[in-house]
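Written out below as structure tokens is the structure these notes cover.
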Amino acid sequence: MIYNDEMETLPREALEALQLKRLQNTVERVYNLVPFYRRKFEEAKVKPEDIKSLDDLKRLPFTTKQDLRDNYPFGLFTIPLEQVVRVHASSGTTGKPTVVGYSKRDVDVWSDLMARSLAATGVTKGDIIQNAYGYGLFTGGLGVHYGGERLGATVIPISGGNTKKQIMIMKDFGSTVLTATPSYTLYLAETMEEMGIKREELKLKVGILGAEPWSDEMRKAIEEKLGIDALDIYGLSEIMGPGVAIECIEAKNGLHIWEDAFIPEIIDPETGKVLPDGEEGELVITTILKEAIPLIRYRTRDITRIIKEPCKCGRTHRRIERIKGRTDDMLIIRGVNIFPSQIESLLMETEGVEPHYQIIVDRVNNLDTMEIIVEVSENIFSDEIKHLQKLKERIEKDIKDLYGITVKVTLSEPKTLQRFEGKAKRVIDKRKI
Ligand code: DLL
């Protein structure tokens with residue numbers, strides 16, 4: 001279903017004219033109100049009036065997570081605190097969190113974009129949304145919550161965790177939509193099995209999953225276990241939260257990025273050069289509707305490409321391909337670039353292993369080493385040792401064939417690896433510790 005027919009199907013020309021107008025307003029706004037931006041623009045020798053076309057966007061300097069940290073907590077806000085009605089923060093791996101603020105209008109726009117996103121996955125006001133994204137400083141819980149209410153659906157604000165109760169409620173309340181990270185969804189499915197509850201006993205029809213990278217193979221496993229359509233939702237707190245981009249149920253192929261609110265670019269992460277549509281690189285987003293903390297050319301570090309072909313659903317907003325990983329998650333093992341999501345795809349295609357794994361990277365005698373610990377299925381586990389040995393060797397060989405590097409695979413007993421209620425942490429890079 002299309003939530004905002006006029007905006008979501010706006011012809012490209014009109015959409016781009018709207019983008020330009022909003023971009024000019026935003027640039028003017030940050031230049032006048034935020035000393036940080038004024039300084040950066042001056043350094044780049046660019047003034048708001050230089051932005052005459054969308055193409056001029058590339059003249060503006062990038063903004064990074066470090067810039068947000070340097071201006072911690074409220075230094076990049078364009079409005080006084082009495083006009084800020086909400087703050088969120090994302091906890092980085094190191095140091096201080098990244099703080100973002102929202103004006104009343106920002107929350108309103110976010111609710112609308114999130115309602116649009118939910119509608120694009122087929123959710124209507126008749127649906128019951130079990131919202132298992134964490135509530136709190138993380139944007140997942142409240143972001144989905146406000147969007148669900150805006151759409152008129154019934155939202156169960158259950159948050160993450162409390163897994164058995166979660167399943168009881170899902171069954172008793174007849175939840176039709178699950179919103180959670182893919183890794184928590186897997187954990188829910190597994191707990192359901194342990195409780196002896198079959199997927200037919202639930203009314204669940206769609207999962208709107210995101211906040212972390214997940215492979216297509218993982219999607220298949222989730223859809224199979226729960227008997228649902230699993231759709232991908234993308235967002236980041238710096239830009240807004242969930243609902244920046246969403247897969248539509250009609251195509252289930254790429255995520256529409258809401259271009260009346262965001263301008264996406266793909267750059268070469270090494271040189272910063274803008275790449276043409278279709279090429280893979282780092283996603284850079286400029287917000288053009290935000291009040292409290294607009295961001296100009298924010299480097300997301302997420303790797304994807306822009307799909308230029310129009311979508312069969314009729315929406316005119318371009319799509320991005322599912323996120324492959326982050327530039328800072330990419331493992332360089334003896335010079336070979338590997339994304340954890342690629343390892344995940346490979347494991348998931350191997351019979352006898354479960355979607356639970358961990359990657360441990362280390363450096364021994366100046367040489368990078370990689371160990372993959374993966375759980376085996378119950379039925380394989382009871383097999384003879386020689387079968388297990390074969391399975392281990394097969395995965396090692398598959399990885400060698402694909403990347404040309406030797407890794408160590410360790411099989412782990414069923415249900416021994418850590419489960420996650422929010423974002424999964426699957427890589428331990430001891431080289432960085
Ligand atoms: O994860 C917002 C969100 C909540 C998105 C709920 C979707 C659903 P942050 O905690 O700031 O915000 O983390 C943002 O998570 O830069 C990506 O690296 C990653 N990420 C988010 N969605 C996806 C996705 C929320 N669908 C960071 N696929 C982003 C892959 C994703 N990675």
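The values are calculated or read from the model by the stated rules, or taken from the named source; none is laboratory data. Being a predicted model, the structure only gives us computed values, none of them experimental. Positions of Cβ are backbone-derived with ideal geometry, glycine not excepted, and every protein chain shown enters the neighbour counts. Remember, those area values only see protein heavy atoms, side chains included, never the ligands or the DNA or RNA. Shrake-Rupley method; radii C 1.70, N 1.55, O 1.52, S 1.80 Å.
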Checklist entry - Restricting attention to the range 43-90, and to residues there that are in a strand (DSSP E or B) and open to solvent by less than 50 Å² (accessible area, probe 1.4 Å), which single residue is farthest from the ligand (Cβ to nearest atom)? => result Val84
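Conditions (1) hydrophobic (A, V, I, L, M, F, W, C); (2) closer than 20 Å to Glu212 by Cα, marked per residue:
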site	(1), (2)
Val336	yes, no
Glu354	no, yes
Gln358	no, yes
Ser377	no, no
Asp383	no, no
Gln389	no, no
Arg394	no, no
Phe420	yes, yes
Next on the checklist: Anything in the range 289-304 that is away from the ligand (no atom under 14 Å from the Cβ) and surrounded by fewer than 23 Cβ atoms within 10 Å (Cβ to Cβ)? List them, or say none.
Outcome noted: Leu289, Glu291, Arg297
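Run down Leu142, Leu178 and say which single residue is within 16 Å of the ligand (Cβ to nearest atom), part of a helix (DSSP H, G or I) and either not small (Gly, Ala, Ser) or not assigned by TED's automatic domain parsing to the domain that holds Asp229 (or both).
Within the list Leu142, Leu178, the selection yields Leu142.
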Checklist outcome for this item: The lone condition Pro35 fails out of (1) touching a residue at least 12 places away in the same chain (Cβ under 8 Å); (2) open to solvent by 80 Å² or more (accessible area, probe 1.4 Å) is (1)
Next on the checklist: Whether any residue in the range 360-375 is among the charged types (D, E, K, R), touching a Leu at 6+ places or on another chain (Cβ under 8 Å), on the phi < 0 side of the Ramachandran plot and outside the structural domain of Ile267 (by TED's automatic domain parsing) is what I want to check.
Outcome noted: yes
Next on the checklist: Just to be sure I understand the filter: pairs with C-beta atoms under 6 Å, separated by 6 or more residues or on different chains, first member in the range 93-115 and closer than 22 Å to Val155 by Cα, second member open to solvent by 40 Å² or more (accessible area, probe 1.4 Å) and not in a loop (DSSP other than H, G, I, E, B). Which pairs pass?
Outcome noted: Lys104/Val85; Ser111/Tyr146; Ser111/Arg150; Ala115/Arg150
Checklist entry - What number of residues within the range 253-276 are away from the ligand (no atom under 16 Å from the Cβ), open to solvent by 30 Å² or more (accessible area, probe 1.4 Å) and either touching a residue at least 40 places away in the same chain (Cβ under 8 Å) or among the small types (Gly, Ala, Ser) (or both)? => result 1
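May I ask you to list the residues in the range 91-129 that are assigned to a strand (DSSP E or B), of a type in the set (A, V, I, L, M, F, W, C) and farther than 18 Å from Thr26 by Cβ?
In the first step, residues of the range 91-129 are kept if they are assigned to a strand (DSSP E or B); the result is 98-103, 128-129.
If we keep only those that are of a type in the set (A, V, I, L, M, F, W, C) too, we end up with 99-100, 128-129.
Those that are assigned to a strand (DSSP E or B), of a type in the set (A, V, I, L, M, F, W, C) and farther than 18 Å from Thr26 by Cβ: Val99, Ile128, Ile129.
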Item to check | The listed residue being more than 8 Å from the ligand (Cβ to nearest atom), surrounded by fewer than 22 Cβ atoms within 10 Å (Cβ to Cβ) and assigned by TED's automatic domain parsing to the domain that holds Ile263, out of Glu212, Glu250 | outcome: Glu250
Checklist outcome for this item: Residue set Leu388, Leu367, Leu402, Leu346; condition touching a strand residue (DSSP E or B) at 6+ places or on another chain (Cβ under 7 Å) and either open to solvent by less than 50 Å² (accessible area, probe 1.4 Å) or modelled with pLDDT under 95 (or both); output residue Leu388
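Per-residue answers, yes or no, for (1) in contact with a Ser or Thr (Cβ under 6 Å, 6 or more places away or on another chain); (2) in a strand (DSSP E or B); (3) of a type in the set (Ser, Thr, Tyr); (4) open to solvent by 80 Å² or more (accessible area, probe 1.4 Å):
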site: Tyr357; (1), (2), (3), (4): no, yes, yes, no
site: Glu375; (1), (2), (3), (4): yes, yes, no, no
site: Lys392; (1), (2), (3), (4): no, no, no, no
site: Phe420; (1), (2), (3), (4): yes, no, no, no
